[in-house]
Amino acid sequence: MASSLSAIPHLIIMSAEFITGITVNGFLVIINGKELIKSRKLTPMQLLCICIGISRFGLLMVLMVQSFFSVFFPLFYRVKIYGASMLFFWMFFSSVSLWFATCLSVFYCLKISGFTQSYFLWLKFRISKLMPWLLLGSLLASMSIAAVSLDVGYPKNMNNNDFLKNATLKKTELKIGPINGVLLVNLALLFPLAIFVMCTFMLFISLYRHTHRMQNRSHGVRNASTEAHINALKTVITFFCFFISYFAAFMANMTFSIPYGSQCFFVVKDIMAAFPSGHSVIIILNNSKFQQPFRRLLCLKKNQ
C-alpha cells in the first residue's frame, strides 16, 4: 500500500467521484434505455445521453482501476496497469467521452440558437438524421486515437522479467516510448475543444440577440426561449471547465514525468475523475425531463 498520507484523501475523493459518476451515468443509460424499450425509437438527445453515459461509465472504471492498484498494489500497477490493454481502453474512453460531449454542445447550439443563415438552418433541420453519423464518426476517431497512442506509447521488445525487476527498484521510473509521440496523438482532442468553443460563442451571440429583442419589445427577458438559452449555456460552460481541467490533467499524466505516489500524482487522478462525474450531473440538473425521475431515484421526491 502506498505509504504516503496523500493517498488517504485521494481515496476518499476518488470514491465519492466514482459513486457519483456511476449513479448519474447509470441513470442516463437506464432512463433513456427504458424509453427505447417503450417506444422502439430514440430522439437525438436520448441517443446522446445513452452514448455519453456508457462512455463515462467506461472512463470511470478505467480511472478507478488505476487508482485502486496505484494505492494498494503499486508493484502490480507499475507492471500491468500501463499494459497494452489498459492503455488502449484509457485512450479510447478519454477520447470518446470528449467527442460525445462535443456532439451534445453541437446539438444544443443547432436546436436553441436563433440564427437564420441557410447553412445553419440546413444543419438544424437535419441534425436528427446526422446525429447517428456524428456519433459513429466520434467512435471511429476515438478508436484511431487509441490505436495510434498504443503504437507510439507502449514499450516494445521489453522482456517481462526485466520489466518486473526494474519495477521493484525504488527509484526506477517507468519509461513509455517516445513521449512526444503520445502527446502529439492526443493533441487531436483539441479539435473537439475548438468545435465546443465555437458552439459556445454562437450560443452567447444568440442569447444576446434574443434578450435584446425582448427588451425592445418590452416583454422581458425570462421567456421560454431565454430559459432554454441559459440552460444550454450553463451546460456547455460547465463542460468547458471540466473539459479544460481534464485535458490539462490528462496531458500532464501522459508525460509520465509526475513522480509516482506523490501528492501531484493523486491530484491529477482526482481532477481527471471529476469530468465524467460532474458533467453528467449538470446534464441531469439542466434537463427538466430528468429531474423528477432522478429525485425519485435518490428518494428526494417531495411529499404531495
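The values are calculated or read from the model by the stated rules, or taken from the named source; none is laboratory data. All of these numbers come straight from a predicted model, not from anything done at the bench. Neighbour counts run over all protein chains shown; Cβ positions are idealised from the backbone, glycine included. Keep in mind that these areas ignore ligands, DNA and RNA; they rest on the heavy atoms of the full protein, side chains included. Shrake-Rupley method; radii C 1.70, N 1.55, O 1.52, S 1.80 Å.
Tabulated data
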| read-out | value |
| --- | --- |
| Verdict on Ser128 being among the polar types (S, T, N, Q), in contact (Cβ under 8 Å) with a residue 40 or more places away in the chain and surrounded by fewer than 17 Cβ atoms within 10 Å (Cβ to Cβ) | yes |
| Search result, residues across the stretch 38-66 that are of a type in the set (D, E, K, R), open to solvent by 50 Å² or more (accessible area, probe 1.4 Å) and either touching a strand residue (DSSP E or B) at 6+ places or on another chain (Cβ under 6 Å) or in a helix (DSSP H, G or I) (or both) | Lys38 |
| Any hit, the stretch 94-109, residues being more than 14 Å from the chain's Cα centre (by Cα) and within 23 Å of Arg213 (Cβ to Cβ) | yes |
| Residue match in the stretch 266-274 (condition: at pLDDT below 85, open to solvent by 40 Å² or more (accessible area, probe 1.4 Å) and more than 23 Å from Thr43 (Cα to Cα)) | yes |
| Residue within the stretch 67-74 that is without any contact (Cβ under 8 Å) to a residue 12 or more places away in the chain and among the polar types (S, T, N, Q) present | no |
| Every residue from the stretch 234-246 that is farther than 13 Å from Leu285 by Cα and surrounded by fewer than 20 Cβ atoms within 10 Å (Cβ to Cβ) | Ile237, Phe240, Cys241, Ile244, Ser245 |
| Pairs where the first residue, in the stretch 275-304, is among the small types (Gly, Ala, Ser) and the second is in a helix (DSSP H, G or I) and at pLDDT 75 or above, C-beta under 6 Å, 6+ apart | Ser277/Glu17; Ser277/Thr20; Ser277/Gly21; Gly278/Phe242; Ser280/Val24; Ser280/Asn25; Ser280/Arg56 |
| Counted residues, the stretch 104-120 - those being open to solvent by 10 Å² or more (accessible area, probe 1.4 Å) and of a type outside the set (A, V, I, L, M) | 9 |
| Search result, residues across the stretch 81-125 that are within 20 Å of Thr200 (Cβ to Cβ), in contact (Cβ under 8 Å) with a residue 60 or more places away in the chain and in a helix (DSSP H, G or I) | Ser97, Leu98, Trp99, Ala101, Thr102, Leu104, Ser105, Val106, Phe107, Tyr108, Cys109, Ile112 |
| Answer from Gln215, Gln291 - the residue that is farther than 30 Å from Leu189 by Cβ, assigned to a helix (DSSP H, G or I), modelled with pLDDT of 75 or more and open to solvent by 40 Å² or more (accessible area, probe 1.4 Å) | Gln291 |
| Tally of residues being in contact with a Gly (Cβ under 9 Å, 6 or more places away or on another chain) and at pLDDT 85 or above across the stretch 1-30 | 10 |
